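Notes follow once the structure below has been shown.
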Amino acid sequence: MLANVRMLSSRDAVQALLALTIALPLAGAGILLAHAGGAHPRLAHQANAAALASSPAKRAAPATPAASGTPAAAARRVAVAIARGPAAVQVKGAALANAATGTILWSTDLTTERPIGSIVKVMTALVVIQAGDLDREITVPASVTAYLDSQNGPSTAGLVIGDRLTALQLLEALLLPSGCDAAYTLAQAYGPGTGAFIAKMNAEAQQLGLTGTHFSNFDGMPWPSEYSTWSTPADLITLGRQAMSYPVFAAITSQASYSLPAGDGHHGYSWQNTNPLVGAYPGATGIKTGDTEAAGNCLLFEATRDGLTLIGVTLGTPGDDITVTGPVATRLLNWGFSHFGSG
């Protein structure tokens, strides 16, 4: 829940760094050890401050500059690097967090509401998964054609009208190629009807405490307008963690591709994951892309290395194709694993 997410703004980071500059010569290598153990630098500073306050001798001791080769100097360099954050990240909003705890490790415009494109489909999938009955057969309705025609260049899974697919197979079509046809088909079946389904999406957002999130559609397309659906980096970290806690969701989004042979009642399909990290970045495990004119290129992503799982989101990455999010997410993940991992 958002109430449990610890946030470190740029101003807080600078203030923490200044305090660290004073406290480190007195506290020795405590901050460095806390960092190596996975504690947030701000929390480590608070612990050191409490220790100093409890000791009159330490409280009265004059601060002296640390030599460049001392543990305190090394810890100071770590604090500076963390306060600065990852380099060369051009986005409108972003966050990186420890996926296990939800602790925000770095962010920019953490609570600013923005369009998110097809990251909306994460909530679509979550509502379906929570409803269950994923083996139920659903017929692709004829009305999907008129819906797709009403949109401007929607991404599709190429579903054939009249095909009978299970809800689980439709989730593959929803999350890998980002099929708006699959989103429409699932919303009609699980609403029942798209209006009822969207209401369920917003109810789940409220349940999760996503106060900066609103859904006006089930697929992230710009309707009724470009700005009718929105979220924040903080909310998307929470949503992503919730979705990835379901094994079926994590299993689907970790795949680079999925093939469904033709069977009784349906054609054959082959879908590629639009996530540029999956299959390319070691340890990438999901989760979803988004791209509209207003949203820009967006990516909600997760990766694991040496027992540490990081989840991040980038909104509004400049460029002409969703693949531009790959290098930006890679820089965020490399920075996170370098500063908070065990290696």
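The values are calculated or read from the model by the stated rules, or taken from the named source; none is laboratory data. Predicted, not measured: the structure shown is a model, and the values here were computed from it. Reconstructed Cβ throughout: ideal geometry from the backbone, glycine too, with neighbour counts over all protein chains shown.
Things worth noting here:
- Test for Ile252: is it in the same structural domain as Gly326 (by TED's automatic domain parsing), within 11 Å of Leu176 (Cα to Cα) and assigned to a helix (DSSP H, G or I): yes
- Subset tally (residues that are surrounded by fewer than 24 Cβ atoms within 10 Å (Cβ to Cβ) and within 15 Å of Leu134 (Cβ to Cβ)) for region 154-166: 2
Results for (1) more than 18 Å from Val328 (Cβ to Cβ); (2) surrounded by fewer than 16 Cβ atoms within 10 Å (Cβ to Cβ); (3) modelled with pLDDT of 75 or more, shown as yes or no for each residue.
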site	(1), (2), (3)
Gly30	yes, no, no
His40	yes, no, no
Pro56	yes, yes, no
Thr64	yes, yes, no
Arg76	yes, no, no
Thr111	yes, no, yes
Gly117	no, no, yes
Ile129	yes, no, yes
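- If you go through region 306-333 and pick out every residue that is in contact (Cβ under 8 Å) with a residue 40 or more places away in the chain, surrounded by fewer than 17 Cβ atoms within 10 Å (Cβ to Cβ) and in a helix (DSSP H, G or I), you end up with 2.
- Which numbered condition Asp133 fails, given (1) under 19 Å from Pro222 (Cα atoms); (2) in a loop (DSSP other than H, G, I, E, B): (1)
- Looking only at region 290-300, and only at residues there that are in contact with a Lys or Arg (Cβ under 9 Å, 6 or more places away or on another chain) and part of a strand (DSSP E or B), the one that is surrounded by the fewest Cβ atoms within 10 Å (Cβ to Cβ): Gly296
- Residue in region 143-160 that is among the aromatic types (Phe, Trp, Tyr), outside any helix (DSSP H, G or I), at pLDDT 95 or above and over 22 Å from Val278 (Cβ atoms) present: no
- If you go through region 168-200 and keep only what is surrounded by fewer than 24 Cβ atoms within 10 Å (Cβ to Cβ) and free of Cβ contacts under 8 Å to residues at least 40 places away in the same chain, you end up with Gly191, Pro192, Gly193, Thr194, Gly195, Ala196, Ile198, Ala199.
- Here is the figure for region 167-197: residues that are in a helix (DSSP H, G or I), over 21 Å from the mean Cα position of the chain (by Cα) and not acidic (Asp, Glu) total 16.
- The residue list Ala280, Ala303 contains one member that is more than 21 Å from Gly179 (Cα to Cα), part of a strand (DSSP E or B) and at pLDDT 95 or above, which is Ala303.
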